[in-house]
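In what follows, a single structure is set out as structure tokens and then discussed.
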Amino acid sequence: MEVKVYKDKQEVARQFSAYFAERVKDKAVFHVALSGGSTPKLIFDVLASEYGDTIDWSKIHLYWGDERCVPPTHDQSNYKMTEEHLLSKITVPKGNIHRVLGEKDPKGEALRYANLLEINLDRVHGVPQFDLVLLGMGDDGHTASIFPDNIGLWNAEDHCVVAAHPDSGQQRVSINGKVINRAQEVIFLVTGATKAEKVDEIHNQKSNYKKYPAALVRPLSGNLTWFMDEAAANLI
């Protein structure tokens, strides 16, 4: 595991964007699972403004690691955020955009998306393999849409699962832990002081850290990097 700490979330966005541009430069095709949240929003802005014309987006296939079960026009849609901050500002083939259909029946959509991953991605021991999975971490230690109270979904047999937010009950479609840990590379994007306590517990293996889904991210490739700002990393 590698940890990269930068001054603030704006610098995290700049540094990750530069890393991503270099990472995809020599690839013939690149499959990446995107994350929602405030830090990816900043990253998408930087990618669009500084790398929109230099990255060959025609070879990049975009997926979502999780999505809320809402229409793509809903303000809570991860797809909508990506569309507004990145997709509408770059030239990328429509066939390269593989959104989770949040407006559909959640169980049926989880099955459809899992099948899509099986068709589009190489498989390692029967599990689809992304080139890169981007993850955030909630204040409660959740990642993708697998929360501490439904951590049993981490090793679910199905590649995509239906989870519910522990407070609102809102349903979400999410890739499971097996898919995350089969990726060639996994990157956490974690910013803000509210994340510092969980970052400390996970990185220093304190208390019952294994109860947090974010602590279960251990890609078999060994390629795991945390991009953080000083506020999130100030206890480690």
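Here is how the numbers come out for the structure above:
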quantity	calculated
Hits in the stretch 112-126 (condition: at positive phi and in contact with a strand residue (DSSP E or B) (Cβ under 9 Å, 6 or more places away or on another chain))	none
Matching strands (runs of 3 or more DSSP E) fully within the stretch 1-111 where at least 1 residues are under 16 Å from the mean Cα position of the chain (by Cα) and at negative phi	30-34, 60-64, 66-68
Counted residues, the stretch 28-82 - those being farther than 24 Å from LEU117 by Cβ and not polar (S, T, N, Q)	10
Scope the stretch 115-157; condition assigned to a loop (DSSP other than H, G, I, E, B) and loosely packed, with under 14 Cβ neighbours inside 10 Å; matching residues	ASP122, HIS125, GLY126, ASP139, GLU157
Meets criteria (at pLDDT 95 or above and either open to solvent by less than 10 Å² (accessible area, probe 1.4 Å) or under 22 Å from PHE20 (Cβ atoms) (or both)) for GLU185	yes
Breaking point among (1) in contact with a Ser or Thr (Cβ under 6 Å, 6 or more places away or on another chain); (2) over 30 Å from GLY52 (Cα atoms), for ASP66	(2)
LEU34 within 30 Å of HIS165 (Cα to Cα) and free of Cβ contacts under 8 Å to residues at least 60 places away in the same chain	no
Condition broken by PRO71, with the remaining ones in (1) open to solvent by 50 Å² or more (accessible area, probe 1.4 Å); (2) touching a Lys or Arg at 6+ places or on another chain (Cβ under 6 Å) satisfied	(2)
Test: residue in the stretch 169-177 that is touching a strand residue (DSSP E or B) at 6+ places or on another chain (Cβ under 9 Å), open to solvent by less than 30 Å² (accessible area, probe 1.4 Å) and under 19 Å from LYS9 (Cβ atoms)	no
Members of the stretch 191-208 found to be under 16 Å from VAL12 (Cα atoms) and surrounded by fewer than 21 Cβ atoms within 10 Å (Cβ to Cβ), listed by number	GLY192, ALA193, ALA196
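The values are calculated or read from the model by the stated rules, or taken from the named source; none is laboratory data. It should be emphasised that the depicted structure is a prediction, and the values quoted were computed from it without experimental measurement. Methodologically, a virtual Cβ is constructed for each residue, glycine included, from the backbone with ideal geometry; neighbour enumeration extends over all protein chains shown. Side chains included, ligands, DNA and RNA excluded: accessible areas come from the protein's heavy atoms. Shrake-Rupley method; radii C 1.70, N 1.55, O 1.52, S 1.80 Å.
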